[in-house]
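Down below is the structure, laid out as structure tokens.
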Amino acid sequence: MAVRLQPVHEETVDTLRVRVYRSRDEMGKAAGEAAAAKIKELLALQEQVRIVFAAAPSQNEMLDALASDQGIDWQRVTALHMDEYMGLPAGSPQSFGRYLKERLFDRVKPGRVLYLDGTNEPGEECSRYEALLREAPIDIVCLGIGENGHIAFNDPPVADFHDPLLVKAVELEDVCRLQQVHDGCFGSLGEVPTHALTLTIPALLAGAHLFCVVPGERKRQAIERTLRGPMTPDCPSSSLRTHPDCMLFVDEASYPGAWR
């Protein structure tokens, strides 16, 4: 039996549980183990589990660990994703749907996969996807935090803790777009789309169990604001401190503190 990875530091900020790991690899594996355990726990209690996934390089290790778990009945899982660029050609390598398909869905074959379509008319697509979200409660959300504190594509100018919508079209901040260049997804800022579709903050926080994975030194300031700053849409991820069951997984590079 595999030994569960232990964090080097734990803390709770408001209701947000924080786990710090020595390396990005340990962080991702621990997050994948925790998410897998929750999926199996829920499948023992209910027929179906609905999960929303983030698509970003920061999620690679967590998704790999999740895909490696042999004990999940993925045929009873409905998979959704939380954001998608507008205006990219269908099947583009930078598509978030394609990332999740290649990184996870093709490997585990969920019983149902519900993709956001960034090529559809935005208003129609938001309405279509909101109806899919409303079919049943969301059990799990696997997410990250952006360099500007965004969750999904809720950048500070468009983030709304009380958004009446579940899905909306947004204009992306340049900081957010530049992160996509830093992540190696695009070669230059000019290549990054300026608009996207995103689940809103209330849609994300409606998930019963949240697993947030945030590695790397470039995210340290965002994590400091998430944990130590005021809860405000200026730092959208600070809203995670209000959720009753959210675990934040970070590595030593992204954690803004010391524990020794």
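Contact order normalised by length for region 35-100, with contacts defined as Cα pairs under 8 Å and 6 or more residues apart; what percent is it? Reported relative contact order: 39 percent.
First check a/c for region 190-260, with a ≥ b ≥ c the square roots of the eigenvalues of its C-alpha gyration tensor; if it is under 1.5, answer rounded, and if not, answer prolate when a/b is larger than b/c or oblate otherwise. In terms of gyration-tensor shape, oblate. A Cβ-based charge dipole, computed about the Cα centre of region 11-251 with Lys and Arg at +1 and Asp and Glu at -1, lands at about 560 debye.
Charge dipole (Cα centre; +1 on Lys/Arg Cβ, -1 on Asp/Glu Cβ; no other charges) of region 151-204 amounts to roughly 120 debye.
Modelled spin labels at Glu121 and Val8, positioned 7 Å past Cα toward Cβ, are 5.4 nm from each other. The H on the amide N of Ala152, modeled in the peptide plane, is under 5 Å from the matching H of Gly144, each at least 5 residues off or on a different chain. For region 1-90, the gyration tensor built on C-alpha atoms gives an oblate shape. Its axis ratio a/c (a ≥ b ≥ c) is at least 1.5, and a/b is not larger than b/c.
The GluC sites (Glu not before Pro) of region 1-74 that meet both conditions, a loop assignment by DSSP and at most 12 other Cβ atoms within 10 Å of the site Cβ, are Glu47.
Going from the residue with the fewest nearby Cβ atoms within 10 Å to the one with the most, Thr226, Thr232 rank Thr232, Thr226. Dividing the mean sequence gap of close Cα pairs (under 8 Å, 6+ apart) by how many residues the chain holds gives a relative contact order of 25 percent. Taking every lysine pair in the chain that is 8 or more places apart or spans two chains, those with Cα atoms closer than 24 Å amount to 11. For the chain, the mean residue ellipticity at 222 nm estimated from helices alone is -7500 deg cm²/dmol, where every DSSP H run of n ≥ 4 contributes -39500 (n - 2.57) and the total is divided by all residues, rounded to the nearest 500. Of all DSSP beta bridges confined to region 11-251, the antiparallel ones make up roughly 30%. Taking amide H as placed 1.01 Å from N in the peptide plane, Arg22 has its amide H under 5 Å from the amide H of Val8, each at least 5 places away in sequence or on another chain.
All of the numbers you see were taken from the coordinates with simple rules; none came from a lab. Given the structure is predicted, the values throughout are model-derived calculations rather than measurements. Methodologically, a virtual Cβ is constructed for each residue, glycine included, from the backbone with ideal geometry; neighbour enumeration extends over all protein chains shown.
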